[in-house]
Structure formats: C-alpha cells, structure tokens
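The structure appears right after this line, and notes come after that.
The values are calculated or read from the model by the stated rules, or taken from the named source; none is laboratory data. Worth saying up front: this structure is predicted, and the values here are computed from it rather than measured. Note that we place each Cβ from the backbone using ideal geometry, even for glycine, and neighbour counts take in every protein chain shown. These accessible areas exclude ligands, DNA and RNA; they are computed on the full protein's heavy atoms, side chains included. Shrake-Rupley method; radii C 1.70, N 1.55, O 1.52, S 1.80 Å.
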Amino acid sequence: MYLEIYLYPVLEDNKEQFLKINCEAERIYKEYGALESQTFAAASIQPEYGCAGMVSAVELREGEVLMLETNRYHSKAHQSEVLEKVDQDDRIGELYEQMTNVIEMGRTVRGEFGLP
C-alpha cells in the first residue's frame, strides 16, 4: 500500500468551497485508478498521550481549520501511473487554479508513505 497525505490550513469561510473543489479532484483521481481519495476535517489536533499534536505541524491562523486528504494506491509505481494520467487532465489544472484562490498552497504540507 502507498499513501499520499496532505494537510491543508483552510479558512473556515472557505471550507465549503475547498471541499467542493477537493471532491471533484477526488473523483478524477479515482477515475484514473486511485484506490481511495478522501478528505477529513480535524477533530482533535492538540497534544495527547505524550505525543505532539498536529497543531505543531501546520501553523493555523485565526479562523482556520485543518483538513487532511489521503490518496491510496497499490504501490509507488501505481501512484506514478495514476499521477501521470491525472496531470494530463485539463480538469485538474482548472481545479488547481480554483484551489489557489481558496487556500495558500505554500502552507500545505504533503508527504508520501509506503509499507516498510
């Protein structure tokens, strides 16, 4: 299994627009073979159980909420195949442009994880 994870700081006022754009992008990723693509709203990001909280991973400004997106693939090779197709789809370019009006992309945190 292989995952892409994104942490997005989103203004509460922009949350619905963010979710609408991300939902459409999720459909496109799945259309090209992603096993799963989901977006979640933070329920608890404060430190607990001796662990640092995600609140320390992304600096949230007043009026912002933290959103998490996960995209799941069979493997790194599968992810590469899907992204090659997704990146050529004009709809993704349009959604990216819309997203840059809703969030600050430079504050988004991204990572990829595979099974050891």
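Over the range 13-116, accessible surface divided per residue gives 65 Å², non-protein components excluded, 1.4 Å probe. Mind pulling the angle between the C-alpha long axis of helix 90-100 and the longest principal axis of the chain? Nearest 10 degrees, somewhere in 0 to 90. The angle comes out near 10 degrees. With the full set of protein chains in place, find how many percent of the accessible area of the chain is carbon and sulfur; take the probe as 1.4 Å. Of all accessible area on the chain, carbon and sulfur atoms account for 52 percent. Taking 0.36 nm per residue of sequence separation and removing the Cα-Cα distance, the TYR32/VAL65 pair yields an extension gain of 8.9 nm. Here the spin labels are modelled as points 7 Å beyond Cα on the Cα-Cβ line, and at VAL109 and SER44 they lie 1.8 nm apart. With one equal scatterer per alpha carbon and no solvent term, the Debye-computed log10 I(q)/I(0) for the range 6-116 at 0.18, 0.21 1/Å reads -0.98, -1.22.
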